[in-house]
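The values are calculated or read from the model by the stated rules, or taken from the named source; none is laboratory data. Everything quoted here is computed from the prediction, not taken from an experiment. When we count neighbours, we look across all protein chains shown, and the Cβ atoms used for this are built from the backbone with ideal geometry, even at glycine. For the accessible areas, the whole protein counts, side chains as well, though only heavy atoms, and no ligand, DNA or RNA atoms are used. Shrake-Rupley method; radii C 1.70, N 1.55, O 1.52, S 1.80 Å.
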Amino acid sequence: MAAIDCGTNSIRLLVADVPDLAAGPSASLVDVARRMEIVRLGQGVDRTGRLAPEAIERTRVALAGYAAEIAELGAERVRMCATSASRDASNADEFRAMVRETLGVAPEVVTGEEEARLSFTGAVRGLAADARSPYLVVDIGGGSTEFVVGDRTSGSATGDSSGIRVDAAISVDIGCVRMTERHLHDDPPTAAQVAAAETDIAAAVDRALGAVPGREAATLVGLAGSVTTVVAIALGLESYQPDRIHHARVSYDEVAKVTEDLLSRSSARRMEYPVMHPGRADVIAAGALVLRVIMERAGMSSVVASEHDILDGIAYSLMV
């Protein structure tokens, strides 16, 4: 099976085998290929309400490469989900036509709530057994952040064979690209710009936590590149090592320290971190700020990073 997640900042591919569908919730995905390209599809959407032609073209080029790999690997099922940027854009039809022509299947422009549920499934199915429940999963994307509270189940009590119970979910329009474009105009940003971003983020986080019982969760799980990059920096890694980052736990104090450092640096100086992806350097400070504010407002003393997220959730959704 092949899963594609097209977000505001990146487009990612997972090609995976499922060894035993009859095993239900215990069936494990076996990675065949994982790919990620920074395409910045959401470039300027918050300001213009439209997808920029150059952004659509960057996405087309990356998608063409993915389509060739999917064909070469012989994936039998393909699902592509497009998230925040393509929900917001007035010319989304143009984007969907490009995807159909390039990939051969139509993209599903999922709602924020469905995006949240897919992210939760991808993160929680592989979570260590000793992680205390219930879980608050936050997926910090380029244009939006999803908050999901839920638990794992045996499936029998609820009739849900996925082994996942989602109690509440919400998507709010705070993401690393959107907050950078809206507030952090200088490089590095000024104190006033950071304060304005923090106020904006805090209001959205409080609104989200009013809709989902995140403050009652026992474990905070953070997804996507902003979180994993912050965790990699906190761990002092000399290269980006997914196996070291996956399920690593870092404290609020460590997140706050990394966030302060990123906000004080220019994009060029953020590249001094060996774990920094070039396409993330200009927006990572805003992503780190979103994570720090979430931890503050939810009262979380630590966060567990997950390399498994919506992409895995999309793949799991094909196991039917």
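Quick notes
- Pair Thr190, Arg34: separation of 7 Å Cα→Cβ label points (nm): 4.1 nm
- Residue-by-residue Karplus 3J(HN,Hα) for the range 186-196, coefficients 6.51, -1.76, 1.60, Hz, glycine and proline x: 8, 9, x, x, 6, 4, 5, 5, 5, 5, 5
- Residue with peak Gaussian network fluctuation, the chain [Cα springs, cutoff 10 Å], from Gly210, Gly175, Gly287: Gly210
- Normalised convex hull volume, the chain, alpha-carbon set, Å³ per residue: 123 Å³
- Solvent exposure of the chain as accessible area per residue, Å², 1.4 Å probe: 40 Å²
- Gaussian network model of the chain, Cα within-10 Å springs - most flexible of Gly104, Gly150, Gly42: Gly104
- As a rough guide to protection, the peptides 185-194, 121-130 ranked by mean Cβ packing within 10 Å, highest first, stand as 121-130, 185-194.
- Cβ-derived FRET efficiency at R0 22 Å, Ala64 paired with Asp93, nearest 0.05: 0.65
- Inter-part distance where the range 165-238 and the range 242-320 are each reduced to a Cα centre, Å: 9 Å
- Rounded FRET efficiency, nearest 0.05, which uses the C-beta distance separating Ser302 from Ala211 and R0 of 22 Å: 0.40
- Virtual spin-label span in nm between His277 and Ala203, 7 Å along Cα→Cβ: 3.0 nm
- Protein accessible area in the chain, 1.4 Å probe - carbon and sulfur %: 49 percent
- In the range 148-278, the alpha-carbon atoms span a convex hull of 133 Å³ per residue.
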